[in-house]
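**Q** Dumping the structure here so I can ask a few things about it.
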Amino acid sequence: MEILRSQAKSSGPTVTPTIPLYRSAPALEVRLEDFELFAIDRLRVLKGISDGLSRGKKPDEMEKLVRDLWKANMKHPISSEVTNKDIISHFVLRLVYCRTEELRKWFLSIETTLFRYRFQLETSDVQRALMAEFELPYKAVGNVEYEGLKDKLSQVARSIGQSLPSGNAVFYKVPFQEVPELVATRRVYIQKGHAYVAMNQVVSLVVTQFRSHLSKALVLTNRKWTSMIREKESDRLTPIVEALATSYLGPDYSQPKQFAEISLKDIDQVAKSSFPLCMRHLFEKLREDHHLKHGGRMQLGLFLKGVGLPLDDALVFWKSEFSRKVGTERFDKEYAYGIRHNYGKEGKRVDYTPYSCQKIISSTPGVGDHHGCPYRHFSEENLRAALGKMGVSSRALEDVIDKARNKHYQLACTLTFEAVHNSSCDAGVNHPNQYFSDSQSILKAKGNPVA
């Protein structure tokens, strides 16, 4: 945690317990176990928010989502430790997401969104306290000025479907350029270059300050982290930090627990009904070419293991395909070992886990490879054809293509799942084996599961 302590400053306001402003890193000793676990819990919140935004949830839906995600993931057995967990997890993820421009952009956007909704959920007193913490150079409009503008302010309020609170409402007079989103949506009264911002709109002011501070802090953190890497002072933290950026937070599906073993006689039907596009593509290419390169064998092979294909059947399945192209003897000599190895029966006897969506998306297939994520690696024309073959309707197909085009690959897969199964998937697709498991659950409920 030295890098966190090194960022601490001797001066600055005391952070409010309800919503820390994360101006300086905590001078705390943190166990490596908590270092990682706290970050993972916060990451669940951030990824949930990212998925909600990608799905186009409305502000009131996002507010509920943030509240539920925070309650589910950021509580602590000891109530006094909740704030520490909040602060520590934020600064750990700064290390994780400061390292590239793409990572910084994502973290900045989602952390700012989290702060926005947490601020809105607070009382007016806490909101004013937070404004004081930011030391914003704005004062509330005085009674005399307020009375002179009351009619104008009422007109603006009515135009956006609101009304002025009874009594003397609190407004802040700020340069209009500092609240561009309020100006653009005509939610403020402007006079002589100043915008009159109601107390229930000050979130725009505070969020602008928060985002600006965090953006600068991420750049500084990256410089410190890069310096530590050069000086080789981060040996203990580097593996954790690098893993967190691409971490999968769900079950590993190393052992199929919910459904019976897949029968070889049913595997083609299962592939058609319950395989996600990435695995369906590999399966069809294997049937077509009777061969897959190493990346494809690993991705499909571990998936099949996870959905319940026993080792003996796996050997029969792969041998029946590969022997058509390379012959039985070569299969036994060059390929059978790898299949047994994946099932933990050779080498170090490690029980390898199926690949998560994040791992598949981040792969880099080369010429002749068929592994990877179709929503990322397919051309739009090929993706349209593949989705049409899966039975995705033309209307749903356009939504899927749009998400893939905007790099929301897992959401594109989720929308495909929903279109194919005519059922919602609120948790989103995060793992191919989760796709299969959820698909089989739906088919089972309808009375026609394959496995």
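**Q** Being in the same structural domain as Cys413 (by TED's automatic domain parsing) and at pLDDT below 95 narrows it down to one of Gly308, Gly250, Gly296, so name that one.
**A** Unique residue meeting the criteria: Gly308.
**Q** Let me ask something else about it. So, in segment 408-431, exactly how many residues are out of contact with any Ser or Thr (no Cβ under 6 Å at 6 or more places or on another chain), assigned to a loop (DSSP other than H, G, I, E, B) and under 17 Å from Cys278 (Cβ atoms)?
**A** Selection size over segment 408-431: 1.
**Q** Among the helices (runs of 4 or more DSSP H) contained in segment 58-144, which hold 2 or more residues that are in contact with a Gly (Cβ under 8 Å, 6 or more places away or on another chain) and over 17 Å from Leu244 (Cα atoms)?
**A** Filter on segment 58-144 gives 59-73.
**Q** Of all residues in segment 17-68, how many are touching a Lys or Arg at 6+ places or on another chain (Cβ under 7 Å) and within 20 Å of Val96 (Cβ to Cβ)?
**A** Total meeting the criteria: 4.
**Q** I'd like the residue in segment 340-376 that is without any contact (Cβ under 8 Å) to a residue 40 or more places away in the chain and either of a type in the set (Val, Ile, Thr) or buried (at least 19 other Cβ atoms within 10 Å of the Cβ) (or both) and, out of all such residues, is farthest from Val400 (Cα to Cα).
**A** Here the answer is Val350.
**Q** Being assigned to a loop (DSSP other than H, G, I, E, B) and aliphatic (A, V, I, L, M) is the filter here, so list the residues in segment 332-350 that pass it.
**A** Correct list: Val350 only.
**Q** Can you tell me how many residues within segment 189-203 are in contact with a Pro (Cβ under 9 Å, 6 or more places away or on another chain) and either crowded, with 20+ Cβ neighbours inside 10 Å or aromatic (Phe, Trp, Tyr) (or both)?
**A** Here the count works out to 2.
**Q** Do we find a residue being at pLDDT below 95 and of a type in the set (A, V, I, L, M) anywhere in segment 366-384?
**A** yes
**Q** Quick check, is Arg280 of a type outside the set (A, V, I, L, M, F, W, C) and out of contact with any helix residue (DSSP H, G or I) (no Cβ under 8 Å at 6 or more places or on another chain)?
**A** no
**Q** Identify, please: which residue in segment 152-178 is β-branched (Val, Ile, Thr) and modelled with pLDDT under 85 and is, among those, surrounded by the fewest Cβ atoms within 10 Å (Cβ to Cβ)?
**A** So, considering only residues that are β-branched (Val, Ile, Thr) and modelled with pLDDT under 85, the one surrounded by the fewest Cβ atoms within 10 Å (Cβ to Cβ) is Ile160.
**Q** Could I ask something else about it? What are the residues in segment 408-424 that are of a type outside the set (S, T, N, Q) and within 15 Å of Met390 (Cβ to Cβ), if any?
**A** Hits for segment 408-424 are Ala412, Cys413, Leu415, Phe417, Glu418, Ala419, Val420, His421.
**Q** Here is a follow-up. Please specify each residue of segment 391-407 satisfying the condition of being part of a helix (DSSP H, G or I) and crowded, with 16+ Cβ neighbours inside 10 Å.
**A** Selection gives Ala396, Leu397, Asp399, Val400, Ile401, Lys403, Ala404.
**Q** Any residue at all in segment 106-122 that is under 24 Å from Ile190 (Cβ atoms) and either touching a Cys at 6+ places or on another chain (Cβ under 8 Å) or among the small types (Gly, Ala, Ser) (or both)?
**A** No - not one qualifying residue is present in segment 106-122.
The values are calculated or read from the model by the stated rules, or taken from the named source; none is laboratory data. The model shown is predicted, which means the values in this text are computed figures rather than measured ones. So basically every Cβ, Gly included, is an ideal-geometry build from the backbone, and we count neighbours across all protein chains shown.
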